[in-house]
Amino acid sequence: MSVRIVVSGATGWVGKALVVAIAQAPDLVLAGAVSRSAAGRDAGEAAGIGAIGVPVSASLEEALAAPSDVVIDYTRPDIVKANTLAALAAGRHVVVGTSGLGAADYEEIDAAARAASLGVLAAGNFSITATLMIKFALMAAPYVADVEIIDYAKGAKPDTPSGTARELAERLAEIRRPSTAMPVSDLGGVRETRGGTIGAPNPVQVHSVRMPSFVLSCEALFGADNERLLIRHDSGPSAGPYVAGTLLAARKVSGFVGLRRGLDTVMEGLS
Ligand SMILES: NC(=O)c1ccc[n+]([C@@H]2O[C@H](COP(=O)([O-])OP(=O)(O)OC[C@H]3O[C@@H](n4cnc5c(N)ncnc54)[C@H](OP(=O)(O)O)[C@@H]3O)[C@@H](O)[C@H]2O)c1
């Protein structure tokens, strides 16, 4: 049976590429599209592929008036939580691509999804190779106590750290051993230079670099006595890698209840 999908953020960098891919996929149906700037236009025309008979809605609420199974959100950090809760309240599974949510937001989303017996799959990075980077770092963490994360992006990126770095830090913090470095609170000098402290129970220091020439890169840097291990992912300029992983998530999200974080949780052999 086809999966009927609403794309929220349908005119964005990722959203447009999703509209094109869904229109071309035999097992997926574009059931709705949301963007304020393209409201009233045909979603295919707005994505540059010609009319496909799906009008763009001005709000998610309007798009949810038509039947659908899954909402995919690629909008902005300040509206993704409200969108996710609204989609769950309307009985839709949700794939969250938008970055910027924290652990407390995810707890609330998990509770709402469980109460509604629906699935939510959120990933800081839906690229399959970035997912492998996260997975390999999680595999290394039990063996090497010291790990810090460095994330690189263009200067205009509106949130920090990147969704990839944040998710990696939160997931590492759950399984890593305590750092052997001096606690940040005990340091003299400019403590901010040690980066942001993310996750529990054993948080991870995250350092964000913002400057021209980067698209999005993320490093997990492990250090042990007399040796280091660097696990790094670099994104190219196309949204293609995110589309493939996001549509895999859309096909799988109705198969479980509650929130899952990370594409690896639905990838065979990795979950
Ligand atoms: N998880 C991943 O793998 C991954 C990959 C890439 C990006 N991201 C994240 O995904 C998000 C979107 O990225 P992008 O580069 O595609 O962004 P973008 O190009 O800026 O697109 C944002 C989209 O959201 C819509 N939007 C913005 N504000 C809205 C509002 N208040 N109500 C309704 N729609 C709104 C915009 O349309 P209108 O302005 O016309 O409404 C546009 O269609 C970011 O948080 C980014 O960090 C995640």
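Of (1) more than 20 Å from residue 142 (Cβ to Cβ); (2) crowded, with 20+ Cβ neighbours inside 10 Å, residue 167 satisfies all except one. Which?
(1)
Filter the strands (runs of 3 or more DSSP E) completely within the range 188-247 down to those with at least 2 residues that are farther than 15 Å from residue 161 by Cβ.
216-224, 227-235
Being within 8 Å of the ligand (Cβ to nearest atom) and touching a residue at least 24 places away in the same chain (Cβ under 8 Å) is the filter here, so list the residues in the range 35-48 that pass it.
Within the range 35-48, 35, 37, 38 meet the criteria.
Being surrounded by fewer than 22 Cβ atoms within 10 Å (Cβ to Cβ) and either within 15 Å of the ligand (Cβ to nearest atom) or not in a helix (DSSP H, G or I) (or both) is the filter here, so list the residues in the range 18-34 that pass it.
Once the filter is applied, which keeps residues that are surrounded by fewer than 22 Cβ atoms within 10 Å (Cβ to Cβ) and either within 15 Å of the ligand (Cβ to nearest atom) or not in a helix (DSSP H, G or I) (or both), the range 18-34 yields 20, 21, 25, 26, 27, 28, 29.
With 161, 201, 237, 178 as the choices, which residue is without any contact (Cβ under 8 Å) to a residue 60 or more places away in the chain and closer than 26 Å to residue 10 by Cβ?
Only one candidate qualifies: 237.
Go through the range 116-127 and give me each residue that's in contact (Cβ under 8 Å) with a residue 60 or more places away in the chain and over 12 Å from the mean Cα position of the chain (by Cα).
Matches in the range 116-127: 117, 118, 119.
Filter the range 1-17 down to the residues that are of a type in the set (A, V, I, L, M), assigned to a strand (DSSP E or B) and more than 14 Å from the ligand (Cβ to nearest atom) and list them by number.
Across the range 1-17, the qualifying residues are 3, 5.
Do any residues in the range 49-77 that are within 15 Å of the ligand (Cβ to nearest atom) have Cβ atoms under 6 Å from those of residues that are among the aromatic types (Phe, Trp, Tyr), where the two are at least six apart or on different chains, and which pairs are they?
Listed by first residue and then by second, the contacts come to nothing, as the list is empty.
With the requirement that a residue be under 14 Å from residue 92 (Cβ atoms) and either in contact with a Cys (Cβ under 9 Å, 6 or more places away or on another chain) or aliphatic (A, V, I, L, M) (or both), what does the range 34-70 give you?
Within the range 34-70, 34, 60, 63, 64, 65, 66, 70 meet the criteria.
Scan 259, 270 and give me the residue that is within 20 Å of residue 170 (Cβ to Cβ), buried (at least 20 other Cβ atoms within 10 Å of the Cβ) and of a type outside the set (Ser, Thr, Tyr).
259
Determine if the range 253-260 includes at least one residue that is assigned to a helix (DSSP H, G or I), at pLDDT 95 or above, of a type outside the set (Ser, Thr, Tyr) and within 24 Å of residue 85 (Cα to Cα).
yes
Please determine whether any residue of the range 156-177 is among the polar types (S, T, N, Q) and out of contact with any helix residue (DSSP H, G or I) (no Cβ under 7 Å at 6 or more places or on another chain).
yes
Working only within the range 120-168, note down all residues that are part of a strand (DSSP E or B), β-branched (Val, Ile, Thr) and more than 23 Å from residue 242 (Cβ to Cβ).
147
Taking the range 107-130 on its own, how many of its residues are within 18 Å of residue 255 (Cβ to Cβ) and of a type in the set (Val, Ile, Thr)?
Selection size over the range 107-130: 2.
Scan the range 78-119 for residues that are more than 12 Å from the ligand (Cβ to nearest atom), in a helix (DSSP H, G or I) and among the polar types (S, T, N, Q) and report the count.
1
Just need a number here: residues in the range 128-162 that are small (Gly, Ala, Ser) and either surrounded by 24 or more Cβ atoms within 10 Å (Cβ to Cβ) or touching a Leu at 6+ places or on another chain (Cβ under 7 Å) (or both).
So the answer is 6.
Considering (1) at pLDDT 95 or above; (2) farther than 28 Å from residue 167 by Cβ; (3) out of contact with any strand residue (DSSP E or B) (no Cβ under 9 Å at 6 or more places or on another chain), say which one residue 17 fails and leave the rest.
Failed condition: (2).
The values are calculated or read from the model by the stated rules, or taken from the named source; none is laboratory data. What you see is a predicted model; the values in this text were computed from it and never measured. Counting neighbours? That spans all protein chains shown, and the Cβs are built from the backbone with ideal geometry, glycine included.
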